[in-house]
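Here is the structure we will look at.
The values are calculated or read from the model by the stated rules, or taken from the named source; none is laboratory data. Because the structure is a prediction, the values reported are computed rather than measured. Quick note on the areas: whole protein, heavy atoms, side chains included, nothing else; ligands and nucleic acids left out. Shrake-Rupley method; radii C 1.70, N 1.55, O 1.52, S 1.80 Å.
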Amino acid sequence: MRITLYPVPPETPAVGHAVGYVSGSPISNLAGAAPPAGPLLSYDGRQAFIDGQPVDHAEIAEALHVEIERVAKRIFGPDFVGPLSLASGLNVRSLARGRLISHGLPAPLLDMLGRAAATQHPRATGYMLQAVAYLWDEHVNSHGMGETGPGPLSAQGREALGQRCEEILDRALELVSTMQGEAAAARARTAVLKATIR
């Protein structure tokens, strides 16, 4: 059995939360094309369904673990546990191999992994997921949640987070541009010096 975590079109009929396909080809993800039509994998709570039929987690555990590792490495790199913990809010123990095999991951997180891995730039998406999660944690620590501050990704919280991300992005663009300009100038000086010595 092969599982492919991949964005499922919202109009697709599914029991619970659709997260991908069974027997889909992961090679199709690399090309950015939809996986071949196959049985749909979805979850209602922790109960897995294949084309609407309940299935025991043990039956899909190994295939799901292989796919979780594949997409997590595509998004976060070979040492994905720490970055995935930051982006998801799960503790590192929940992402240990044994726990992933025995329990899998919540459907919204499986969905997020499938969507992030299917983007044109999965590693950049992974960095952004971490940045947003980090900034959100910082925001909550400063302003609280619920009655004392914006709730998790509420409209108010998203606006504050978006402004902070824009500020950091502008500063990062400026820093990279300056660094690249200085590196280019240094290469030009070196080239002139080498030409003079000859």
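Tabulated values for the structure
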| read-out | value |
| --- | --- |
| Surface share of carbon and sulfur [accessible, 1.4 angstrom probe, percent] for region 80-132 | 62 |
| q = 0.22, 0.24 Å⁻¹, region 53-132: log10 I(q)/I(0) [Debye, one scatterer per Cα] | -1.00, -1.17 |
| Accessible-area value, Met112, 1.4 Å probe, nucleic acids and ligands omitted, Å² | 50 |
| Chain lengthening between Glu167 and Thr196 when straightened (0.36 nm per residue, less Cα-Cα) | 6.1 nm |
| Tyr21 accessible area, assembled protein chains, probe 1.4 Å, Å² | 30 |
| Area accessible to solvent at His121, 1.4 Å probe radius, in Å² | 120 |
| Convex hull volume of the chain per residue (C-alpha atoms, cubic angstrom) | 180 |
| Solvent-accessible ranking of Glu166, Glu69, largest area first, probe 1.4 Å | Glu166, Glu69 |
| Inter-centroid distance (Cα atoms) of region 166-193 relative to region 63-110, Å | 36 |
